[in-house]
Amino acid sequence: MLDYDLHCHSTVSDGLLSPTDLVARAAERGVKFLALTDHDDLSGLGEAAEAAAQHGMQFINGVEISVTWRSYTLHIIGLRINPNYKPLAEGLRNIRSGRGARAQLMAESLARSGISGALAGAYQYADNDGIIGRTHFARFLVERGYCKDVRSVFKNYLVKDKPGYVPHQWASLSDAVSWICGSGGVAVLAHPGRYTLARKGMGQKTLRELLREFIDLGGQGIEVVCGSHTPEQYAEFARYANEFNLLASCGSDFHGPGESYRDLGRLPDFPLDCRPIWLAWETDPFPSSEALLISPEKEQGKAETVNR
(Lines give C-alpha, C1' and ligand atoms only; values in the text may rest on other atoms or scores of the structure.)
Protein backbone atom coordinates (compact mmCIF):
# COMPACT_ATOMS: atom_id res chain seq x y z
CA MET A 1 0.00 0.00 0.00
CA LEU A 2 1.10 3.56 -0.72
CA ASP A 3 1.55 5.78 2.33
CA TYR A 4 0.99 8.88 0.16
CA ASP A 5 -2.47 10.31 -0.51
CA LEU A 6 -2.29 13.39 -2.70
CA HIS A 7 -5.97 13.95 -3.52
CA CYS A 8 -8.77 14.29 -0.95
CA HIS A 9 -11.49 16.72 0.12
CA SER A 10 -12.79 18.28 3.32
CA THR A 11 -15.90 20.26 4.23
CA VAL A 12 -14.17 23.31 2.78
CA SER A 13 -15.34 22.01 -0.61
CA ASP A 14 -17.52 18.91 -0.92
CA GLY A 15 -16.11 16.48 1.62
CA LEU A 16 -17.94 15.21 4.69
CA LEU A 17 -15.11 15.64 7.23
CA SER A 18 -13.49 18.79 8.54
CA PRO A 19 -9.80 19.24 7.68
CA THR A 20 -8.90 18.17 11.23
CA ASP A 21 -11.04 15.04 11.12
CA LEU A 22 -9.85 14.19 7.61
CA VAL A 23 -6.22 14.30 8.74
CA ALA A 24 -7.03 12.16 11.79
CA ARG A 25 -8.70 9.53 9.61
CA ALA A 26 -5.71 9.51 7.25
CA ALA A 27 -3.31 9.09 10.16
CA GLU A 28 -5.35 6.19 11.59
CA ARG A 29 -5.10 4.46 8.22
CA GLY A 30 -1.35 4.76 7.86
CA VAL A 31 -1.03 7.77 5.55
CA LYS A 32 2.30 9.50 6.17
CA PHE A 33 2.23 12.11 3.37
CA LEU A 34 -1.08 13.89 2.79
CA ALA A 35 -2.23 16.64 0.44
CA LEU A 36 -5.58 18.35 1.00
CA THR A 37 -6.91 19.26 -2.46
CA ASP A 38 -10.24 21.00 -1.96
CA HIS A 39 -12.03 22.25 -5.05
CA ASP A 40 -11.06 25.82 -5.93
CA ASP A 41 -10.40 26.84 -2.30
CA LEU A 42 -7.35 27.08 -0.07
CA SER A 43 -8.97 27.97 3.26
CA GLY A 44 -8.62 24.52 4.83
CA LEU A 45 -4.85 24.27 4.43
CA GLY A 46 -3.84 25.95 7.67
CA GLU A 47 -6.13 23.79 9.81
CA ALA A 48 -5.05 20.62 8.01
CA ALA A 49 -1.36 21.48 8.38
CA GLU A 50 -1.73 22.02 12.12
CA ALA A 51 -3.56 18.70 12.49
CA ALA A 52 -0.94 16.90 10.42
CA ALA A 53 1.85 18.25 12.64
CA GLN A 54 0.06 16.86 15.69
CA HIS A 55 -0.07 13.42 14.06
CA GLY A 56 3.56 13.50 12.89
CA MET A 57 2.40 13.49 9.28
CA GLN A 58 4.03 15.37 6.41
CA PHE A 59 1.49 17.78 4.94
CA ILE A 60 1.49 19.06 1.36
CA ASN A 61 -0.41 22.16 0.30
CA GLY A 62 -2.84 21.24 -2.48
CA VAL A 63 -5.83 22.36 -4.51
CA GLU A 64 -8.03 20.92 -7.26
CA ILE A 65 -8.83 23.50 -9.93
CA SER A 66 -11.90 23.24 -12.15
CA VAL A 67 -10.98 23.71 -15.82
CA THR A 68 -12.82 23.92 -19.12
CA TRP A 69 -10.80 22.52 -22.02
CA ARG A 70 -12.56 22.44 -25.37
CA SER A 71 -15.96 20.93 -24.46
CA TYR A 72 -14.65 18.99 -21.45
CA THR A 73 -14.57 19.75 -17.74
CA LEU A 74 -11.22 18.72 -16.27
CA HIS A 75 -9.64 18.89 -12.84
CA ILE A 76 -6.03 19.95 -12.38
CA ILE A 77 -4.39 19.30 -9.04
CA GLY A 78 -1.75 21.62 -7.69
CA LEU A 79 0.72 20.12 -5.20
CA ARG A 80 3.19 22.07 -3.04
CA ILE A 81 1.51 25.31 -3.99
CA ASN A 82 2.16 28.56 -2.15
CA PRO A 83 -1.29 29.60 -0.84
CA ASN A 84 -0.09 33.20 -0.62
CA TYR A 85 0.59 33.53 -4.35
CA LYS A 86 -1.76 36.31 -5.39
CA PRO A 87 -2.64 35.15 -8.95
CA LEU A 88 -3.62 31.72 -7.60
CA ALA A 89 -5.76 33.13 -4.77
CA GLU A 90 -7.48 35.61 -7.08
CA GLY A 91 -8.02 33.04 -9.82
CA LEU A 92 -9.69 30.66 -7.40
CA ARG A 93 -11.86 33.48 -6.07
CA ASN A 94 -13.07 34.17 -9.59
CA ILE A 95 -13.94 30.50 -10.10
CA ARG A 96 -15.91 30.42 -6.85
CA SER A 97 -17.87 33.52 -7.80
CA GLY A 98 -19.66 31.64 -10.61
CA ARG A 99 -20.78 28.68 -8.52
CA GLY A 100 -23.79 30.36 -6.92
CA ALA A 101 -25.35 31.33 -10.25
CA ARG A 102 -24.79 27.84 -11.59
CA ALA A 103 -26.44 26.32 -8.51
CA GLN A 104 -29.54 28.44 -9.08
CA LEU A 105 -29.78 27.18 -12.66
CA MET A 106 -29.28 23.59 -11.53
CA ALA A 107 -32.14 23.92 -9.06
CA GLU A 108 -34.38 25.39 -11.76
CA SER A 109 -33.57 22.48 -14.07
CA LEU A 110 -34.44 19.98 -11.34
CA ALA A 111 -37.67 21.87 -10.59
CA ARG A 112 -38.72 21.49 -14.22
CA SER A 113 -38.38 17.74 -13.66
CA GLY A 114 -40.62 17.87 -10.61
CA ILE A 115 -37.94 18.10 -7.91
CA SER A 116 -38.59 21.14 -5.72
CA GLY A 117 -36.49 22.69 -2.98
CA ALA A 118 -33.18 21.60 -4.47
CA LEU A 119 -31.30 24.87 -3.98
CA ALA A 120 -32.04 25.16 -0.26
CA GLY A 121 -31.55 21.42 0.12
CA ALA A 122 -28.12 21.52 -1.51
CA TYR A 123 -26.97 24.47 0.59
CA GLN A 124 -27.83 22.49 3.74
CA TYR A 125 -25.00 20.14 2.78
CA ALA A 126 -22.48 22.89 1.96
CA ASP A 127 -20.42 24.04 4.93
CA ASN A 128 -18.77 26.52 2.57
CA ASP A 129 -21.44 28.37 0.58
CA GLY A 130 -18.84 29.56 -1.92
CA ILE A 131 -18.15 26.01 -3.09
CA ILE A 132 -21.74 24.88 -3.70
CA GLY A 133 -21.56 22.14 -6.32
CA ARG A 134 -22.98 18.96 -7.77
CA THR A 135 -22.05 16.77 -4.81
CA HIS A 136 -24.20 18.88 -2.50
CA PHE A 137 -27.16 18.50 -4.87
CA ALA A 138 -26.44 14.78 -5.07
CA ARG A 139 -26.67 14.41 -1.29
CA PHE A 140 -29.99 16.24 -1.34
CA LEU A 141 -31.32 13.90 -4.04
CA VAL A 142 -30.28 10.87 -1.99
CA GLU A 143 -31.95 12.33 1.10
CA ARG A 144 -35.18 12.81 -0.87
CA GLY A 145 -35.06 9.22 -2.10
CA TYR A 146 -34.50 9.89 -5.80
CA CYS A 147 -31.36 7.73 -5.77
CA LYS A 148 -29.91 5.16 -3.37
CA ASP A 149 -26.47 6.79 -3.14
CA VAL A 150 -24.37 9.64 -4.47
CA ARG A 151 -22.72 7.52 -7.16
CA SER A 152 -26.06 6.60 -8.70
CA VAL A 153 -27.09 10.25 -8.77
CA PHE A 154 -24.42 10.92 -11.36
CA LYS A 155 -25.92 8.30 -13.66
CA ASN A 156 -29.38 9.84 -13.63
CA TYR A 157 -28.99 13.51 -12.71
CA LEU A 158 -26.56 16.43 -12.89
CA VAL A 159 -24.71 15.13 -15.97
CA LYS A 160 -25.11 16.08 -19.60
CA ASP A 161 -28.58 15.44 -21.04
CA LYS A 162 -29.97 14.68 -17.55
CA PRO A 163 -32.05 16.84 -15.13
CA GLY A 164 -29.96 19.30 -13.16
CA TYR A 165 -27.12 19.56 -15.63
CA VAL A 166 -25.90 23.09 -16.33
CA PRO A 167 -22.85 23.74 -18.52
CA HIS A 168 -20.32 26.09 -17.00
CA GLN A 169 -17.17 27.86 -18.11
CA TRP A 170 -14.41 27.20 -15.59
CA ALA A 171 -10.79 28.37 -15.68
CA SER A 172 -8.72 27.77 -18.77
CA LEU A 173 -6.11 25.03 -18.73
CA SER A 174 -3.37 27.58 -19.33
CA ASP A 175 -4.48 29.72 -16.39
CA ALA A 176 -4.77 26.78 -13.99
CA VAL A 177 -1.30 25.44 -14.80
CA SER A 178 0.16 28.95 -14.74
CA TRP A 179 -1.26 29.64 -11.27
CA ILE A 180 0.08 26.36 -9.92
CA CYS A 181 3.53 26.62 -11.46
CA GLY A 182 3.79 30.34 -10.69
CA SER A 183 3.20 29.54 -7.03
CA GLY A 184 6.06 27.05 -7.04
CA GLY A 185 3.77 24.03 -7.25
CA VAL A 186 3.49 20.95 -9.45
CA ALA A 187 0.50 20.53 -11.81
CA VAL A 188 -1.12 17.09 -12.09
CA LEU A 189 -3.94 15.91 -14.37
CA ALA A 190 -6.52 14.39 -12.01
CA HIS A 191 -8.37 11.07 -12.61
CA PRO A 192 -7.88 10.87 -16.40
CA GLY A 193 -10.00 7.73 -16.56
CA ARG A 194 -13.09 9.85 -15.96
CA TYR A 195 -12.47 11.78 -19.15
CA THR A 196 -12.11 8.70 -21.32
CA LEU A 197 -14.91 6.58 -19.86
CA ALA A 198 -17.57 9.26 -19.37
CA ARG A 199 -20.58 9.43 -21.67
CA LYS A 200 -19.27 11.14 -24.79
CA GLY A 201 -15.80 10.99 -23.25
CA MET A 202 -12.63 11.80 -25.13
CA GLY A 203 -10.85 9.13 -27.15
CA GLN A 204 -7.17 8.32 -27.16
CA LYS A 205 -6.38 10.88 -29.86
CA THR A 206 -7.98 13.71 -27.88
CA LEU A 207 -6.38 12.55 -24.64
CA ARG A 208 -2.97 12.65 -26.29
CA GLU A 209 -3.68 16.17 -27.55
CA LEU A 210 -4.65 17.17 -24.02
CA LEU A 211 -1.49 15.69 -22.55
CA ARG A 212 0.74 17.43 -25.11
CA GLU A 213 -0.89 20.79 -24.38
CA PHE A 214 -0.75 20.19 -20.63
CA ILE A 215 2.98 19.43 -20.82
CA ASP A 216 3.68 22.42 -23.08
CA LEU A 217 2.04 24.64 -20.46
CA GLY A 218 4.21 23.21 -17.68
CA GLY A 219 2.22 20.22 -16.39
CA GLN A 220 4.40 17.53 -14.84
CA GLY A 221 2.17 14.77 -13.50
CA ILE A 222 -0.78 12.47 -14.11
CA GLU A 223 -2.84 10.50 -11.58
CA VAL A 224 -2.12 6.84 -12.21
CA VAL A 225 -3.49 5.33 -9.00
CA CYS A 226 -6.68 7.02 -7.84
CA GLY A 227 -9.96 6.08 -6.24
CA SER A 228 -12.02 5.93 -9.42
CA HIS A 229 -9.48 3.99 -11.51
CA THR A 230 -9.62 0.24 -11.98
CA PRO A 231 -6.48 -1.94 -11.79
CA GLU A 232 -6.53 -2.06 -15.60
CA GLN A 233 -6.49 1.73 -15.66
CA TYR A 234 -3.52 1.86 -13.30
CA ALA A 235 -1.56 0.04 -15.99
CA GLU A 236 -3.09 2.10 -18.80
CA PHE A 237 -2.18 5.45 -17.30
CA ALA A 238 1.22 4.22 -16.20
CA ARG A 239 1.85 3.64 -19.91
CA TYR A 240 0.71 7.19 -20.70
CA ALA A 241 2.97 8.52 -17.95
CA ASN A 242 5.96 6.76 -19.46
CA GLU A 243 5.04 7.68 -23.03
CA PHE A 244 4.77 11.39 -22.18
CA ASN A 245 7.54 11.47 -19.55
CA LEU A 246 5.09 12.45 -16.83
CA LEU A 247 5.46 11.74 -13.13
CA ALA A 248 2.89 9.42 -11.57
CA SER A 249 0.64 10.73 -8.80
CA CYS A 250 -1.78 8.95 -6.48
CA GLY A 251 -4.82 9.91 -4.46
CA SER A 252 -7.99 8.38 -3.08
CA ASP A 253 -10.17 11.37 -4.07
CA PHE A 254 -11.78 10.68 -0.69
CA HIS A 255 -14.90 12.72 0.08
CA GLY A 256 -16.29 10.83 3.04
CA PRO A 257 -17.25 7.44 4.48
CA GLY A 258 -19.67 5.66 2.22
CA GLU A 259 -19.25 8.08 -0.68
CA SER A 260 -15.82 7.26 -2.04
CA TYR A 261 -14.43 4.44 -4.16
CA ARG A 262 -11.42 4.12 -1.85
CA ASP A 263 -10.73 5.17 1.70
CA LEU A 264 -7.69 7.10 2.82
CA GLY A 265 -4.66 4.86 3.23
CA ARG A 266 -6.05 2.16 0.96
CA LEU A 267 -4.21 2.88 -2.29
CA PRO A 268 -2.28 0.04 -3.93
CA ASP A 269 1.29 0.49 -5.11
CA PHE A 270 2.11 1.99 -8.48
CA PRO A 271 2.63 -0.33 -11.43
CA LEU A 272 6.27 -1.09 -12.12
CA ASP A 273 8.39 1.53 -13.89
CA CYS A 274 6.35 4.51 -12.65
CA ARG A 275 8.29 7.56 -11.52
CA PRO A 276 6.42 8.99 -8.51
CA ILE A 277 5.44 12.65 -8.41
CA TRP A 278 7.49 13.27 -5.28
CA LEU A 279 10.62 13.06 -7.41
CA ALA A 280 9.67 16.61 -8.45
CA TRP A 281 10.52 17.86 -4.95
CA GLU A 282 12.94 15.27 -3.58
CA THR A 283 15.77 17.82 -3.22
CA ASP A 284 13.55 20.05 -1.06
CA PRO A 285 11.05 17.63 0.44
CA PHE A 286 8.62 19.95 2.22
CA PRO A 287 8.14 23.70 2.58
CA SER A 288 8.44 25.36 5.95
CA SER A 289 5.63 25.03 8.46
CA GLU A 290 5.37 28.82 8.50
CA ALA A 291 4.35 28.84 4.83
CA LEU A 292 1.76 26.13 5.47
CA LEU A 293 0.00 28.00 8.23
CA ILE A 294 -0.35 31.46 6.71
CA SER A 295 -3.89 32.37 5.75
CA PRO A 296 -4.10 33.46 2.08
CA GLU A 297 -6.84 35.94 2.98
CA LYS A 298 -4.61 37.69 5.53
CA GLU A 299 -1.47 37.68 3.45
CA GLN A 300 -2.63 38.47 -0.08
CA GLY A 301 -0.68 41.71 -0.22
CA LYS A 302 2.62 39.97 0.48
CA ALA A 303 2.27 37.09 -1.89
CA GLU A 304 4.14 37.84 -5.10
CA THR A 305 7.18 35.72 -4.22
CA VAL A 306 7.22 31.96 -3.99
CA ASN A 307 8.15 30.34 -0.70
CA ARG A 308 9.71 27.06 -1.67
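The values are calculated or read from the model by the stated rules, or taken from the named source; none is laboratory data. Here the structure is a predicted model, which means the values were calculated and not measured. Using ideal geometry, Cβ is built from the backbone for each residue, glycine included, and neighbour counts are taken over all protein chains shown. We work out accessible area using only protein heavy atoms, side chains counted, and drop any ligands, DNA or RNA first. Shrake-Rupley method; radii C 1.70, N 1.55, O 1.52, S 1.80 Å.
In table form, for the structure just shown:
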| item | result |
| --- | --- |
| Those aspartates and glutamates that a straight Cα-Cα span of less than 16 Å connects to Lys148, excepting residues fewer than 8 apart in one chain | Glu259 |
| Centre separation in Å (Cα based) which lies between segment 115-187 and segment 48-94 | 17 Å |
| Theoretical FRET efficiency, 1/(1+(r/R0)^6), r = Cβ-Cβ of Lys32 and Tyr261, R0 35 Å, to 0.05 | 0.95 |
| With DNA, RNA and ligands ignored, accessible area of Arg212 (1.4 Å probe; Å², nearest 10) | 120 Å² |
| Flagged links, alpha-carbon separation over 20 Å, of Lys155/Lys200; Lys155/Lys205; Lys162/Lys200 | Lys155/Lys205 |
| Interchain or long-range residues, amide H under 5 Å from Gly251's placed H | Leu6, Val225, Cys226, Gly227 |
| Surrounding net charge for His39, when Lys and Arg each add one and Asp and Glu each subtract one, Cβ distance under 10 Å | -3 |
| Surface share of carbon and sulfur [accessible, 1.4 angstrom probe, percent] for segment 49-153 | 43 percent |
| Unit charges on C-beta of K, R, D, E only; dipole of the chain, Debye | 1100 debye |
| Trypsin sites (Lys or Arg not before Pro) within segment 66-123: DSSP coil, no more than 14 neighbouring Cβ in 10 Å | Arg70 |
| Label-point gap, in nm, between Lys162 and Glu143 - each point 7 angstrom along Cα→Cβ | 2.0 nm |
| FRET efficiency, Lys155 to His55 (Cβ-Cβ, R0 25 Å, nearest 0.05) | 0.10 |
| Residue-level accessible surface for Arg134, protein heavy atoms, 1.4 Å, Å² | 90 Å² |
| Cβ-Cβ FRET estimate between Gln169 and Ala235, R0 fixed at 45 Å, reported to 0.05 | 0.85 |
| Candidate aspartates and glutamates for bridging to Lys32, where Cα separation is under 18 Å - those fewer than 8 sequence places away on the same chain excluded | Asp3, Asp5, Asp21, Glu47, Glu50, Asp253, Asp263, Asp269, Glu282, Asp284 |
| Ellipticity estimate at 222 nm from DSSP helix runs (n ≥ 4, -39,500 (n - 2.57)) divided over the chain, nearest 500 | -11000 deg cm²/dmol |
